[in-house]
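Trainee: Dropping a structure here in C-alpha cells format, bear with me for questions.
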Amino acid sequence: MRQLIGSCFLALISLLALGQAGQNPVSSQDQIFTGHAYHVGNGVSPPRPITSSDPDYKALPKKHHEGTVVLSVVVDVDGLPKNVKVTRSLDPELDQKAVDAVKQWRFKPAKKKGQPVPVEINIEVNFKVDR
C-alpha cells in the first residue's frame, strides 16, 4: 500500500502591495491583512518559520498525484500567516490541505531596520507518494 508523505519548503519571493480586503468576520487564523507588505531584500530580512506542520492528507483517496502546491502568504508583524492563497494548484483537495497546514505555521517576523514588518512570501508544499 502506498502512503502519501508531505514536506514543506519556504520559497521567498518578491512582494506585492496588497489592496484593502473586505471586512468579513473571520477567526484569528483567517484574518485578512489589509496593509502594505514588503519585499524580501533591500534591507528586509525574510521571516523564519518557528513552527510548521505538514498537511494531513493520509485519508484522501489515492487518486492524488505527486507535486507541489504554491501558496502566497503575508507573514504579519506578529509572525502569523495571513491572506493564504493558492498561486499554483495541484488538486483542489490537496490545495486545501496545504492551506490548512500553513495557516497553523508561526514565524519569526521579517525585519527592516530592526523592526518587524509584514512581508509576502511564497511557500511551496510538496506532496509525494511514498513507494
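The values are calculated or read from the model by the stated rules, or taken from the named source; none is laboratory data. What you are looking at is a predicted structure, and each value in this text was computed from that prediction instead of being measured. Every residue, glycine as well, gets a Cβ built from its backbone with ideal geometry; the counts of neighbours run over all protein chains shown.
Here is a yes/no grid of residues against (1) exposed (fewer than 15 other Cβ atoms within 10 Å of the Cβ); (2) basic (Lys, Arg); (3) under 15 Å from residue 54 (Cβ atoms); (4) in contact (Cβ under 8 Å) with a residue 40 or more places away in the chain:
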residue: 65; (1), (2), (3), (4): yes, no, no, yes
residue: 79; (1), (2), (3), (4): no, no, no, no
residue: 91; (1), (2), (3), (4): no, no, no, no
residue: 101; (1), (2), (3), (4): no, no, yes, yes
residue: 116; (1), (2), (3), (4): no, no, no, no
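Trainee: Here is a list: 108, 97, 113, 82. Which entry is under 19 Å from residue 35 (Cβ atoms) and over 11 Å from the mean Cα position of the chain (by Cα)? Step through it out loud before you land on a result.
Mentor: Values: 108 fails: under 19 Å from residue 35 (Cβ atoms); 97 fails: under 19 Å from residue 35 (Cβ atoms); 82 fails: over 11 Å from the mean Cα position of the chain (by Cα).
It is 113.
Trainee: Pick out the one residue from 23, 96 that is farther than 27 Å from residue 127 by Cα, at pLDDT below 95, out of contact with any Cys (no Cβ under 6 Å at 6 or more places or on another chain) and not basic (Lys, Arg).
Mentor: On the way: 96 fails: farther than 27 Å from residue 127 by Cα.
Within the list 23, 96, the selection yields 23.
Trainee: State all residues of the stretch 47-82 that are at pLDDT 95 or above, closer than 18 Å to residue 125 by Cα and not in a strand (DSSP E or B); if no residue qualifies, say none.
Mentor: If the condition is that a residue be at pLDDT 95 or above, closer than 18 Å to residue 125 by Cα and not in a strand (DSSP E or B), then 47, 80 are the ones that fit.
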